[in-house]
Amino acid sequence: MTEKTLPFTQAQLAEIIACYPTPFHIYNEAGIRQSARQLKQAFAWTDGFTNYFAVKALPNPSILRILKEEGFGADCSSLPELLLAERVGIIGTDIMLTSNETPAEEYCKAQEMGAIINIDDISHIDFLEQHVGLPDLISCRYNPGPQREGNAIIGNPKDAKYGLTYDQLFRAYAILKEKGVKRFGLHAMIASNELNPQYFIETANMLFDLVVALSQQIGITFSFVNLGGGIGIPYRPDQIAFDLGAFSRGVEALYHSKIVQNGLHPLQIVMECGRLITGPHGYLVTTALHQKETYKNYIGLDACMTNLMRPALYGAYHHITVVGKEQLSASHTYDVVGSLCENFDKFAIDRKLPKIDTGDILVIHDTGAHGHSMGFNYNGKLRSAELLLRANGDIQLIRRAETIDDYFRTLELEG
Ligand SMILES: *Cc1c(COP(=O)(O)O)cnc(C)c1O
């Protein structure tokens, strides 16, 4: 069970809303730091463990600064994400570019920054060499294909567009060695929002086996393996949090039996989790504008799926708290919906909740990753503000809400 609580009281929230009208996302700094520390702590047994925070999950400099303080790097997949990392002083090999269909200018910028480039295809070796030149250190993304099953969000590896096949990996590292690359990394990311530690232990097993085979057959030395992101969080109250201890112990045992036993120690282990770190520490705060009773009972919010797309995109569950009514019984059944002209725009379908009145504040939980960042402007909806609840209790505006001027800015209005 995971208790779905709020990091602020009803009175505090009312004060915040008096300054910053709903809807907005608010992130809890203390929680983010705690999650970052728990991950690092779990892997304290291995030197140099770090997490390259997946910037796409929560691309805000104020958040990246906190994570830099916690010793994290940045996992980027576009030029603007590289620039965000650079802006907060995350530099060099603290940045990993795990991208696909990458334009030359992104490889250029990554190379100029000294970031670790993680190539997504064997053809990118030539592409990189032509446009940028090959770096000393390079990583390849492995796609195990039919060997492994993914899950609903990311799909099965054999249908996924990412990464190199087994055979291609052997060819790629041999080519890279011949071309003078000195140091190597290996990466895989094949599950998303997965709560079973065994899945990731299996990924570590697969990558350690590959490191052994590639090292022996090609005669290269690996600096690191990147176990990817994708660790899940308990969106539902009846789910339990990912067992980091069991995961880490599983990886440690394999590290000894495969890496140490084969004389390949030291090998740095890194990850690129986003959701695990910030997901549970974000809240979408919204107001109930309308109640409608037709063939179903609807609560219409001032937020919509442009603020949080996951329920519409994946049918994802996000817990909802009706502020001030936490102790009341869930006596009513509602569809909780936004205002898009699009019937997918529902935060919850047939959800049991306390009786909701117009003007009630609803908090949608676990919006700290892949929430605001997935936003879009369909139907002329403007992106909301982002706030940070600082560890000392202060509230900081870390992104203002978009305005109508922002919406018009890219348009040619004359003729
Ligand atoms: C999206 C993504 C991540 C982060 O995923 P989380 O579920 O937020 O941990 C990490 N690596 C790659 C390559 C990704 O595409």
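Every read-out reported here was derived from the displayed coordinates using simple, explicitly stated rules and does not represent laboratory data. Everything numeric here is computed off the predicted structure, so don't read it as measured data. Note that we place each Cβ from the backbone using ideal geometry, even for glycine, and neighbour counts take in every protein chain shown.
Below, the figures for the structure above:
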{"item": "DSSP-defined antiparallel bridges as percent of all bridges, the chain, nearest 5", "result": "40"}
{"item": "Degrees, to the nearest 10: 197-218 long Cα axis against longest axis of the chain", "result": "20"}
{"item": "Positive minus negative residues near Asn156 (Lys, Arg vs Asp, Glu; Cβ under 10 Å)", "result": "0"}
{"item": "For peptides 295-302, 361-368, 405-412, 387-394, sequence by mean Cβ density within 10 Å, most packed first", "result": "361-368, 295-302, 387-394, 405-412"}
{"item": "Between 0 and 90°, nearest 10: helix 10-19 axis offset from the chain longest Cα axis", "result": "90"}
{"item": "Bridge type composition, the stretch 43-273 - antiparallel percent by DSSP, nearest 5", "result": "5"}
{"item": "Most to least packed among 2-15, 244-257 [average Cβ atoms within 10 Å]", "result": "244-257, 2-15"}
{"item": "Signed unit charges on C-beta, dipole axis of the stretch 43-273, positive-most listed residue Ser248, Ser139, Gly228", "result": "Ser248"}
{"item": "Proximal charge balance of Lys346 [Cβ under 11 Å; K/R count +1, D/E count -1]", "result": "-2"}
{"item": "Separation in nanometres of the label points that stand 7 Å from Cα toward Cβ, at Thr410 and Asn392", "result": "3.8"}
{"item": "Helix-only CD estimate at 222 nm, as mean residue ellipticity for the chain, using -39500 (n - 2.57) per DSSP H run (n ≥ 4)", "result": "-8500 deg cm²/dmol"}
{"item": "Shape box of the chain [Cα atoms, principal axes, largest first, Å]", "result": "68, 58, 43"}
{"item": "Angle between the chain longest axis and helix 104-113 axis [Cα atoms, degrees, rounded to 10]", "result": "80"}
{"item": "By average C-beta atoms within 10 angstrom, highest first, the peptides 79-87, 375-383", "result": "79-87, 375-383"}
